[in-house]
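Notes for the one structure printed next.
The values are calculated or read from the model by the stated rules, or taken from the named source; none is laboratory data. Remember, it's a predicted structure, so these values are computed and weren't measured experimentally. Quick reminder, even Gly has a Cβ in these numbers, built from the backbone with ideal geometry, and neighbours come from all protein chains shown. Keep in mind that these areas ignore ligands, DNA and RNA; they rest on the heavy atoms of the full protein, side chains included. Shrake-Rupley method; radii C 1.70, N 1.55, O 1.52, S 1.80 Å.
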Amino acid sequence: MRRTIVVLTVLTLFTLLIAPAALAQDKVVIGVSIPAATHGWTGGINYWARVTQERLKNTYPNLEIILVTAGSAAEQANTLEDLYAIHNIDALVILPFESDPLTDPVEMLKMQGVFITVVDRGLTKEGIADIYVAGDNHAMGRVSGEYMVEALGGKGDIVVLRGIPTVIDNYRFDSFMEVIEGTEINVLDWQYANWNRDDGFQVMQDFLARFPKIDAVWAQDDDVALGVIEAVKQAGREDELFIVGGAGMKEMIKRVMDGDRLIPVDVLYPPAMIATGMEVTALRFVSNASVLGEYILDATLVTPENAHLYYFPDSPF
Amino acid sequence: MNQLTTTRQAKLKELRSRMSWQDVGPFAAVIALMILGTTINPTFLSAANLTNVFTRSAFTGIIAIGATFIIGTGSIDLSVGSMAAFNSGMMIIFMNYLVKTWGASWAVILAAMGLSMVLGAVGGLINGFVITKGRIESFIVTLGTMGIFRSLVTYLADGGTLSLNLSMRGLYRPVYYGTLWGIPIPLIAFFVVAVAGAVLLYKTRFGRYVLAIGSNYDVAHYSAINVNRIRTLTYILQGICVAIATIIYVPRLGSASSTTGLGWELEAIAAVIIGGTAMKGGSAKIWGTVAGAVIFSIIGNILNLSDAISQYLNGAVQGLIIIGAVLLQRTSKDQ
């Protein structure tokens, strides 16, 4: 009798342990690995990843989405190992912290047969990513430059506040300068504002003290633009110039929507690109649509006419 | 007898001249930098620009006054920048919450200011308590709390930015942008904190104990000074200084994010050292710290006003000027 109970208990436990695993076999598991929310834009990435996770789970019951964040490139590499070893993922959507250190860890997963989607920052080796989704940094500079030329009638004095010295910043700045080259637009000076509000405020204060006439400001980033606005207000020079930021922060989109004279437009580099990566990856498993390839998102010029399409009041960014 | 008096007098005289240079050194550096700034771009001397520069130095300056006491005891506090960010975030959340029931009024601002002071004092108390009771190096404890405060503000802001309610912004704005008798309010706050710091350091028993602990920990301990209590008090004082800095920082941009106050700890510590306070403790110069904070602000301003230097080298030039300023001060002192 006692033996029967023991055997039965063991069998029951065994079945309980096995059953979910057997069920999980039918599910497609997608791992999503993104940087932790350390500033506004990555905050947006986190928001959109969570929103898309919910949507995909509710729409496709056979999909399981596992979302992990990492505080550094090394930590991200570790989470990739866990995703494969513990969750046995079929696909990986990754926004790499840095391209170089993550290329090998992602390739390891690829060799195990995992479907790979890379978002924003490309890997340094060709042929690993099945899907690549990214914003267009060159276009961001170009679109900003083209608007500048148009709005100023090809003539005027501007100042430029750049980001953190990185390749991304160089792409944007060089493309911007290419567009305004040959016009009569004169860049009085540029300084790094590190994609930071306080730096934007201080650099702009100094530009305002130094130059009696500024027709426009290219702040390249919405956080910097917010600092610039305060400096301009303090100097009481709101009527003399306008500011072009970038990224698509909700506060700035709102200003464009409301027809703020200081912020006539914004240029997108949307954190919602992580949603694109996740949705397209999901399609690979739930439909017969052809999805392999590269997706380069437009650096859309947000104007008062189309701003309502890009205004997401619930997003933290 | 006579000879003895003369040697003593000579020694006294020498001591006095040393003291005076040590006190004057940082101010000489300020004047030298101002001349440099004017030569590079005459705009430097314009009232608007000078007001900007001095007002900007107020945040790190006020924090650095507190840091002068901590460094005076031979300790350090790395958590001030993160604490300022956390305090800013809490103030904004608190005001956005209160404004719903109380409406946009000064009562809301005063309540938030009170919250900031309490948070600052409690934050400092935690630092001081763990350092003294846990017998852990201040560097390690405050490195830890630096990370904790930084992640807390990131968490509160959901990784994004906390923004102050618009109606509150209009009301609170004058605390940063307003003036009293033509002087910007942040500058007045900076001056008041500096005077209070000077009185506390030079005229009270607490100040003498701070320096006694810094010059010789064991002697201070055996002289029946409650070393743990004094050290904890310096951290509370630092927390209150951070709170005051936060109170005038929040109305500037009306927002806080995980990048708020990034690097302020290093600027504050550098201002203290440039001002003539010894890193190992035992001597502290409040007015030197004030000059040190101003020096920092002027260097940044000069770099923005000139296009003679490649922007890629800004950091290098900043480094050279800081080392130069301290070198000038120290070598002159030894002669």
Run the numbers on the range A:291-317: which residues show a drop of 20 Å² or more in accessible area, chain on its own versus all protein chains together, using a 1.4 Å probe over heavy atoms?
-> A:Pro316
Identify all aspartates and glutamates with a Cα-Cα distance to B:Lys280 below 14 Å; exclude those on the same chain that are fewer than 8 residues away in sequence.
-> B:Asp77, B:Glu137
Cα-based convex hull, the range B:44-334, per residue volume (Å³, whole number) | 149 Å³
Top of B:Ala224, B:Ala196, B:Ala245 by mean-square fluctuation, Gaussian network on chain B, Cα under 10 Å = B:Ala224
So the carbon and sulfur contribution to the accessible area of the protein assembly as shown, 1.4 Å probe, in percent, is 62 percent
All alpha-carbon distances of the range A:106-169, grouped into 10 Å bins from 0, give the whole-percent distribution 17, 33, 23, 16, 9, 3
How high is the relative contact order of the range A:134-246, in percent, counting Cα pairs under 8 Å that sit 6 or more residues apart?
-> 29 percent
Taking all pairs of distinct alpha-carbon atoms in the range A:268-312, Kirkwood radius in angstrom | 12.4 Å
Cα gyration tensor of chain A - equivalent ellipsoid semi-axes, whole Å, descending = 47, 19, 17
Per the helix-only model, chain A has a calculated mean residue ellipticity at 222 nm (DSSP H runs of ≥4, -39500 (n - 2.57) each, divided over all residues, rounded to the nearest 500) of -15500 deg cm²/dmol
Quick one: Debye curve from the C-alpha atoms of the range B:183-278, no solvent, what's log10 I(q)/I(0) at q = 0.12, 0.18, 0.19 Å⁻¹?
-> -0.51, -1.01, -1.08
Gap in Å between the Cα centre of the range A:228-295 and the Cα centre of the range B:98-137?
-> 36 Å
Based on DSSP, what percent of beta bridges with both residues in the protein assembly as shown are antiparallel, to the nearest 5?
-> 15 percent
The protein assembly as shown: projected area of the alpha-carbon convex hull, averaged over directions, in nm² = 40.9 nm²
Would you be so kind as to identify all helices of chain A, as entire DSSP H runs, whose Cα atoms reach 24 Å or more along the helix's own axis and whose mean Kyte-Doolittle hydropathy is at least 1.6?
-> none
At R0 = 25 Å, FRET efficiency that the Cβ-Cβ distance of A:Asp260 and B:Thr38 yields, to 0.05 = 0.10
Over the Cα atoms of the range B:93-214, how large are the radius of gyration and the largest Cα-Cα distance (Dmax), in Å?
-> 18.6, 50
Per residue value of the accessible surface for the protein assembly as shown (all protein chains in place, 1.4 Å probe), Å² = 45 Å²
Fraction in percent of alpha-carbon pairs per bin - 10 Å, the range A:31-185 = 10, 32, 28, 17, 10, 3
Volume per residue (Å³) of the convex hull spanned by the alpha carbons of the range A:137-267 is 89 Å³
Candidates A:Gln112, A:Gln53, A:Gln202: whichever shows maximal mean-square fluctuation once chain A is modelled as a Gaussian network with Cα springs under 10 Å | A:Gln112
Excluding residues fewer than 8 positions from B:Lys203 in its own chain, the aspartates and glutamates with Cα under 18 Å of it are B:Asp23
Helix B:80-102 versus the longest principal axis of chain B: what is the Cα-based angle in degrees, 0 to 90, to the nearest 10?
-> 30 degrees
Please build a GNM for chain B, connecting alpha carbons under 10 Å apart, and tell me which residue among B:Phe69, B:Phe59, B:Phe44 fluctuates the most.
-> B:Phe44
The lysines whose Cα lies under 27 Å from the Cα of A:Lys213, excluding any fewer than 8 residues away in the same chain, are A:Lys155, A:Lys233
Report the percentage of all Cα-Cα pairs in the range A:30-72 whose separation exceeds 13 Å, rounded to a whole percent.
-> 52 percent
Shielded by partner chains, the range A:198-243 residues - at least 40 Å² of accessible area, 1.4 Å probe, vs chain alone = A:Asp198, A:Phe201, A:Gln202, A:Gln205, A:Asp206, A:Ala209, A:Arg210, A:Glu230, A:Gln234
